[in-house]
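Q: One structure is given below, represented as structure tokens, and several questions about it will come after.
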């Protein structure tokens, strides 16, 4: 099993290109199941999760070809030859549940295993299923699989009112509604950039959708969708992660392709902590304003609030801030598993339920640490960049699910970082 070795060595300077969004691409890929015509995605990230979704789509009968070093995905679903998404593939990644809505909408039936992914709480799929039931789906859970069918072979429009915001459930419902008969109204819909990106792609395919970027989506079902070519939106989580590198280490880094629109609430917290973010013609330029950063309180919220997927990385920054910060995790339970690993590096952190109290220290110390999930793994790398000595981050297979060529990108701006293959 691979490890990442990081040696803290001071300021970082240069440019880091930001990839297409993993979470957007994983949502756009299942949209190919809605049409018999080709769907081509450009600016795709080169990640293990993308390969897992490719494997899943191929198992259902879709043709998926990766071109231009994986940055272009050409997909065609002439015929869905298999309507069963098996556990062996689905267990690897929670986003696999997103094939359920498209298959059910197009062919009127589907069998999909309950999904897996990072161990950061229960993360049930109840809202996905309730949304499909609101469109007339008949569902049965048997032996770990969702058996779904649409009476008469087609979903019908309905009103979906989510009790709380769910990105995945919004995506599944949105795709399913494009081919449902009649009008579907999704209330308390997620507003994330990935939802807006999916909506724009579906509209290119002929879907009738309005309200993207708000909490209410209206979809007029159509009989069929056509093909399209669509660029994947910039990854706001990778963007925020690399923005934190110069904030932690010093120096100036320009994140190519970034916009403040994608990370507005995050930028507000950086500003309060004493980090400068400047828009340029190429992206966002980030540097400290004056020496050591200041403590700041953070509470994760659905977009446009502070992203839960940047909480672990922000904690790494606040470990060396002047003063005491309070981080409140409101989206997922059990998402402070990185805190004990940061404490191995000398961080002062107290965790009580969904709240972490972080008292900054002047310098962290390198240590062997263990990655517990995707975002935790990169937070430990960031901490290692600011630590004295050597930090060894073990179990980095999580990292490859969400960050492409992290050693290369950080190495190009001056970080001392290398990957070591496991035995």
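Q: Looking at the stretch 166-200 only, could you name the residues that are in contact with a strand residue (DSSP E or B) (Cβ under 6 Å, 6 or more places away or on another chain) and not in a loop (DSSP other than H, G, I, E, B)?
A: 173, 177, 181, 183, 184, 185, 186, 187, 199
Q: Mind listing whichever residues of the stretch 289-302 are touching a helix residue (DSSP H, G or I) at 6+ places or on another chain (Cβ under 6 Å) and in contact (Cβ under 8 Å) with a residue 40 or more places away in the chain?
A: Answer for the stretch 289-302, where residues must be touching a helix residue (DSSP H, G or I) at 6+ places or on another chain (Cβ under 6 Å) and in contact (Cβ under 8 Å) with a residue 40 or more places away in the chain: just 293.
Q: Please enumerate the residues belonging to the stretch 136-157 that are in contact with a strand residue (DSSP E or B) (Cβ under 6 Å, 6 or more places away or on another chain) and surrounded by 15 or more Cβ atoms within 10 Å (Cβ to Cβ).
A: Answer for the stretch 136-157, where residues must be in contact with a strand residue (DSSP E or B) (Cβ under 6 Å, 6 or more places away or on another chain) and surrounded by 15 or more Cβ atoms within 10 Å (Cβ to Cβ): 136, 137, 139, 145, 146, 147, 148, 149, 154, 156, 157.
Q: Residue 337 is checked against (1) farther than 19 Å from residue 243 by Cβ; (2) at pLDDT 95 or above and fails just one. What number does that condition carry?
A: (2)
Q: Suppose the filter is in contact with a helix residue (DSSP H, G or I) (Cβ under 6 Å, 6 or more places away or on another chain), free of Cβ contacts under 8 Å to residues at least 60 places away in the same chain and in the same structural domain as residue 379 (by TED's automatic domain parsing); does residue 338 pass it?
A: So residue 338 fits the description; yes.
Q: For the stretch 318-335, how many residues meet the condition of being part of a strand (DSSP E or B), more than 15 Å from residue 301 (Cβ to Cβ) and in contact with a helix residue (DSSP H, G or I) (Cβ under 7 Å, 6 or more places away or on another chain)?
A: Summing the residues that are part of a strand (DSSP E or B), more than 15 Å from residue 301 (Cβ to Cβ) and in contact with a helix residue (DSSP H, G or I) (Cβ under 7 Å, 6 or more places away or on another chain) in the stretch 318-335 gives 1.
Q: Next question, about the same structure. Could you tell me which numbered condition residue 379 fails, if it satisfies all but one of (1) surrounded by 15 or more Cβ atoms within 10 Å (Cβ to Cβ); (2) closer than 23 Å to residue 45 by Cα; (3) at pLDDT 95 or above; (4) touching a strand residue (DSSP E or B) at 6+ places or on another chain (Cβ under 8 Å)?
A: For residue 379, the exception is condition (4).
Q: Based on this model, can you work out whether residue 408 counts as surrounded by fewer than 15 Cβ atoms within 10 Å (Cβ to Cβ) and touching a helix residue (DSSP H, G or I) at 6+ places or on another chain (Cβ under 7 Å)?
A: So residue 408 fails the test.
Q: Determine which single condition residue 62 fails, assuming it passes every other condition in (1) within 22 Å of residue 403 (Cβ to Cβ); (2) in contact with a helix residue (DSSP H, G or I) (Cβ under 8 Å, 6 or more places away or on another chain); (3) surrounded by 23 or more Cβ atoms within 10 Å (Cβ to Cβ).
A: Checking residue 62 against (1) within 22 Å of residue 403 (Cβ to Cβ); (2) in contact with a helix residue (DSSP H, G or I) (Cβ under 8 Å, 6 or more places away or on another chain); (3) surrounded by 23 or more Cβ atoms within 10 Å (Cβ to Cβ), the one that fails is (1).
Q: Show me the helices (runs of 4 or more DSSP H) found entirely inside the stretch 6-113 where at least 3 residues are assigned by TED's automatic domain parsing to the domain that holds residue 179 and touching a residue at least 40 places away in the same chain (Cβ under 8 Å).
A: 22-28, 48-59, 100-107
Q: Can you name the condition, by its number, that residue 363 falls short on among (1) over 30 Å from residue 71 (Cα atoms); (2) surrounded by 15 or more Cβ atoms within 10 Å (Cβ to Cβ); (3) touching a strand residue (DSSP E or B) at 6+ places or on another chain (Cβ under 6 Å)?
A: With respect to (1) over 30 Å from residue 71 (Cα atoms); (2) surrounded by 15 or more Cβ atoms within 10 Å (Cβ to Cβ); (3) touching a strand residue (DSSP E or B) at 6+ places or on another chain (Cβ under 6 Å), residue 363 is out only on (2).
Q: Hey, among the residues in the stretch 223-235 that are assigned to a loop (DSSP other than H, G, I, E, B) and surrounded by fewer than 16 Cβ atoms within 10 Å (Cβ to Cβ), which one's farthest from the chain's Cα centre (by Cα)?
A: Checked the stretch 223-235; the qualifying residue farthest from the chain's Cα centre (by Cα) is 223.
The values are calculated or read from the model by the stated rules, or taken from the named source; none is laboratory data. Just so it is clear, the model here is predicted, and its values are computed rather than measured. Counting neighbours? That spans all protein chains shown, and the Cβs are built from the backbone with ideal geometry, glycine included.
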